[in-house]
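Following: one structure in structure tokens, then a few remarks.
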Amino acid sequence: MFVINLTCLKCGTTHPMTPTSYICPACEHGSTDMDTDIGILDVQYDYLAAQEALLRGKDINSSRSDVFRYIPLLPVKQSADVPHAGGTPLLNAPRLASRLGLKSLYIKDETRNPTRCLKDRATVIAMTMAQEIGVTDFYCASAGNAAISLASYCGHQGLNCHVFVPQEASQTRLNWLRRFGANIQVSTGNYDQAFDEAETAGAKYGWYSRNCAYNPFLVEGKKTVALEIGEQLGWQAPDLVVSPVGDGCTLGAIGKGFRELSFLGLTDRLPRLLGIQSEVIQPLVHRYHEQSITPDEGTTAAASMAVRRPRNALRLLKELRASEGTMLAVSDSQIAAAQKLLAVEAGIIAEFTSSATLAGLMKQAEAESLAGKTAVLVITGGRLDSDF
């Protein structure tokens, strides 16, 4: 393993790496009532040593096709015996590219993971790290996908799964959690309340956290999306990478992955990151554009983006600035139209939240010419709660 330390994204303090390191002790709480950022830790590597182990020339020195293909850039000693996650296809979507005036449009199809979502990449890291210390109980807060991912993997491993879901969690996703035997706690409030309840219970009972916005190691699994995209495109970074944004973990992780590829000399530039939120719940859009932030009281069918207090804001904002990216918001009607277009013109059955990627790219195409550019839509999940 090539991890050298953990660095707080808020105060810059470094900490030793242990499997149960979660947040910076000095920045556990915001410094003022207006400061809600906690001290998210970022995993730091000995990149020169990792590069030597990772690469043979510009080829990846591994025959694996899952997240552990990139194990020198992961915070684990060895791969665990868990269901395969990662190695998802990058699909060409020429009809959508033509519609938007792009040179090329690709779809990173994360619906091919075991539980049909990108969250499995983070879950395998949690399971692997926890195996090293003999953990038997895991917990997370989730609108559905992360909880289902955790419940599935815990079922496979014979471990205990405790999930905390918002009041508005769909019956379809609750039914999946029941099938996997999860211990389900339905909050009386929204996702943010469920998150707080999960962390309180996790600390009380000593469970292992699968909350990607709290456990710093899980974004390392998610960043393998970027490593795969880079490799699948022959180390030619795309111009744009688009992802839905809730807590900020996924797009922040993707940004880190592309920065690592650049640092290792595999790509010569960073793609612009385009983060998408709902028009009725868009705290990171307001924050990135330095607009006044007012409480978001609306509701959206894009449940995975319905996060009013993003816990990984510092990570995402850092990556957006590094890539000269941006944030924008779309309506539910725009997402619904994009969901149908993904099916009709690309053959992709994307869940509602994931469809926000195409809605956002279409909105961006109205603001600037995308002629000659290459874009990647990250379809984070494909579990449907209703017909469309």
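The values are calculated or read from the model by the stated rules, or taken from the named source; none is laboratory data. Model, not experiment: these values are computed from the prediction. Counting neighbours? That spans all protein chains shown, and the Cβs are built from the backbone with ideal geometry, glycine included. Side chains included, ligands, DNA and RNA excluded: accessible areas come from the protein's heavy atoms. Shrake-Rupley method; radii C 1.70, N 1.55, O 1.52, S 1.80 Å.
Output the number of residues of the range 343-373 satisfying the condition of being assigned to a loop (DSSP other than H, G, I, E, B) and under 22 Å from residue 383 (Cα atoms).
Looking only at the range 343-373, we keep the residues that are assigned to a loop (DSSP other than H, G, I, E, B), and these are 347-351, 368-373.
Imposing the further condition that a residue be under 22 Å from residue 383 (Cα atoms) reduces the set to 347-351.
Residues meeting the conditions: 5.
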Query raised in the report: Give me the pairs: first residue in the range 336-355 and under 22 Å from residue 250 (Cα atoms) and touching a residue at least 12 places away in the same chain (Cβ under 8 Å), second residue charged (D, E, K, R) and surrounded by 18 or more Cβ atoms within 10 Å (Cβ to Cβ), beta-carbon distance under 6 Å, and six or more apart or on different chains, which are they?
Result: 351/383
Query raised in the report: List pairs: first in the range 278-289 and in contact (Cβ under 8 Å) with a residue 60 or more places away in the chain, second of a type in the set (Ser, Thr, Tyr), Cβ under 6 Å, 6+ apart or cross-chain?
Result: 278/300
Query - Matching option when the condition is of a type in the set (Lys, Arg), crowded, with 22+ Cβ neighbours inside 10 Å and modelled with pLDDT under 95, among 311, 383, 315 - result: 311
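What residue, among those in the range 250-267 that are closer than 18 Å to residue 215 by Cα and of a type outside the set (A, V, I, L, M, F, W, C), is surrounded by the most Cβ atoms within 10 Å (Cβ to Cβ)? Can you show your working first?
Of the range 250-267, the ones closer than 18 Å to residue 215 by Cα are 250-257.
Restricting the remaining residues to those that are of a type outside the set (A, V, I, L, M, F, W, C) gives 250, 252, 255-257.
On the way: 250: 28, 252: 32, 255: 29, 256: 22, 257: 25.
Taking the candidates together, the pick is 252.
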Report task. Could you please find all residues in the range 38-59 being free of Cβ contacts under 8 Å to residues at least 40 places away in the same chain and open to solvent by 20 Å² or more (accessible area, probe 1.4 Å)? Result -> 48, 52, 56, 57, 59
Query raised in the report: How many residues are closer than 22 Å to residue 129 by Cα, in a loop (DSSP other than H, G, I, E, B) and small (Gly, Ala, Ser) when one looks only at the range 189-211?
Result: 1
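Condition (residue is of a type outside the set (Ser, Thr, Tyr), assigned to a loop (DSSP other than H, G, I, E, B) and open to solvent by less than 10 Å² (accessible area, probe 1.4 Å)) applied to the range 171-188: is it met by at least one residue? Give the steps one after another, and end with the answer.
Residues of the range 171-188 that are of a type outside the set (Ser, Thr, Tyr), as a first pass: 171, 173-186.
Still in the list and also assigned to a loop (DSSP other than H, G, I, E, B): 180-182.
Right, trim to open to solvent by less than 10 Å² (accessible area, probe 1.4 Å) and you get none.
Looking for residues that are of a type outside the set (Ser, Thr, Tyr), assigned to a loop (DSSP other than H, G, I, E, B) and open to solvent by less than 10 Å² (accessible area, probe 1.4 Å), one finds none in the range 171-188, hence no.
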**Report entry** Count of the range 189-213 residues which are in contact (Cβ under 8 Å) with a residue 60 or more places away in the chain, of a type in the set (A, V, I, L, M, F, W, C), crowded, with 17+ Cβ neighbours inside 10 Å and out of contact with any Lys or Arg (no Cβ under 6 Å at 6 or more places or on another chain)
**Finding:** 3
Query raised in the report: Which one of these does residue 242 not meet: (1) in a loop (DSSP other than H, G, I, E, B); (2) in contact with a Gly (Cβ under 8 Å, 6 or more places away or on another chain); (3) within 26 Å of residue 286 (Cα to Cα)?
Result: (1)
